[in-house]
Amino acid sequence: MTEVENRPQRVRAGSTYYAWLFGVVWTLAGMAVLGFGLAWIATEISGSAAGLVLSAGVLTRLILAIPGGSVADRYGAWAVMVVADGVMGVLALALVLIVALIGTPLWLLVAVSIIIGVADAFYRPASGAFPRYLVPVEAMRSAAAARQIVFQFIGIAGPALGAAVVVAFTLTGSALSAAAGFAVMFIILLALRNRRLPVHQPVARVGIASSTRQGLVYALTTSKVRAILILLVAVSGFVIPLTSLLIPLHVRAEEWPDISAGLLAASFGVGLLISTLLFLLRPDAALTRFPSLAALALAAVGMMGLSLASSPEVGALGVATAGLGTGYFIARCAPVLLTDIPDEYLSRIQGINLFAQTLPLLFTNNLFGWLSDTVGSRTAIQVAGAGILLAVASLTASKAARQL
């Protein structure tokens with residue numbers, strides 16, 4: 001037989017998966033515009049107000065994330081997603097009317113953030129687990145990479161689009177964008193179901209409390225999963241606030257053009273995308289063996305660069321470097337939480353993953369908002385960079401973390 005004949009056939013994710021991924025693009029784009037709109041309008045009040053708005057959603061998501069994963073494991077990821085998309089589409093349209101009647105008071109921004117937090121808590125564990133039920137195991141890593149590229153595409157386009165929409169149309173345009181995104185995914189999910197989609201078969205119907213406890217025990221006693229979750233806490237607490245809070249505050253403090261906020265946030269997505277493409281196109285390259293902890297240290301260096309930048313253009317280089325390091329870490333660790341987890345724990349681990357990424361935001365959003373108000377946005381960014389460096393240094397003692 002020839003070398004070509006001996007070469008194993010590459011297993012592909014399939015059209016059903018990519019149809020679902022097309023819906024993910026629309027949903028994420030709408031949510032990115034709405035989320036950016038909330039944060040941007042809140043920064044007009046103060047940094048502390050922006051921290052309060054973001055923290056309202058964070059706290060809601062934190063409380064409901066792990067039970068949300070248990071619900072998806074019990075009733076099926078498809079059912080949870082279709083209900084969440086339908087409800088959120090209606091609520092986003094209602095927000096358009098409310099804003100037209102009363103404007104954008106702080107309490108409304110907080111209420112919308114809470115609603116988004118509820119939807120995230122149930123939707124994201126289901127969505128995170130869903131590729132497992134659409135894609136053969138052999139194609140899971142390429143499917144995960146494709147999904148990550150979609151996330152990074154929205155990371156690039158979402159903030160810039162969000163800035164444009166909120167400046168031109170205020171929160172009304174942001175809400176309409178979100179409603180359109182939810183509607184597209186709702187229709188796609190219904191179409192997939194009509195094609196007899198082989199979605200997840202629910203696990204044994206134990207109580208939600210017992211199911212949640214079982215998921216926590218599995219996560220805390222599995223060394224690889226535990227190491228990833230600890231690192232995600234650090235990334236979420238010190239890196240994620242960069243695009244959602246610190247960049248808008250820094251742009252205002254430095255009196256840079258408004259559009260700089262979207263462009264800086266988009267540059268973070270560029271760095272993420274570069275890392276993801278490396279793993280998708282050259283998975284065996286020497287660069288893919290770069291230590292994950294060192295990649296997070298690179299992200300911290302990029303954040304420090306932003307804090308010292310004298311212009312948005314220079315700052316964009318630092319933010320892109322932060323995105324490069326963060327994206328590398330995600331590309332190394334995200335497939336593990338899809339391929340190495342038993343079916344019966346899949347959505348619960350995604351819910352615990354969401355919890356791990358949400359918990360630190362409850363504190364750091366408020367901390368960085370307060371620091372920006374009192375000592376300046378540059379210092380707040382430097383504190384965030386120092387925090388991730390400290391976390392990396394402390395985790396070098398963990399064998400599981402070093403092996404990732």
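What follows is calculated from the coordinates using simple rules that are stated; it is not laboratory data. All values derive from a computational prediction rather than experimental measurement. Reconstructed Cβ throughout: ideal geometry from the backbone, glycine too, with neighbour counts over all protein chains shown.
Details
- With a cut-off of 12 Å between beta carbons, the residues surrounding Thr212 carry a summed charge of +2, where Lys and Arg count +1 and Asp and Glu -1.
- Shape call, segment 217-293: gyration tensor on alpha carbons, a/c limit 1.5: oblate
- Between Leu101 and Thr221, the modelled label-to-label distance comes to 5.3 nm, taking each label 7 Å out from Cα in the direction of the beta carbon.
- Counted charge near Thr27, where neighbours are those whose Cβ lies closer than 12 Å (Asp, Glu -1; Lys, Arg +1): -1
- Modelled this way, with points 7 Å down the Cα-to-C-beta line, the labels at Thr16 and Ile45 are 4.6 nm from one another.
- Projected label points at Thr170 and Tyr75, each 7 Å from Cα along the beta carbon direction, are separated by 3.6 nanometres.
- Segment 372-381 - phi-based ³J(HN,Hα) in whole Hz, Karplus 6.51/-1.76/1.60, Gly and Pro as x: 4, 5, 9, 10, x, 5, 4, 5, 4, 5
- For Gly76, residues with placed amide H under 5 Å, excluding near neighbours: none
- Ranked by the mean number of other Cβ atoms within 10 Å of their residues, highest first, the peptides 121-129, 17-25 fall in the order 121-129, 17-25.
- On the beta carbon distance between Glu344 and Trp370, with R0 = 45 Å, the FRET formula returns roughly 0.60.
- Length released on extending from Arg193 to Ser394, taking residue separation times 0.36 nm less the Cα-Cα span: 67.7 nm
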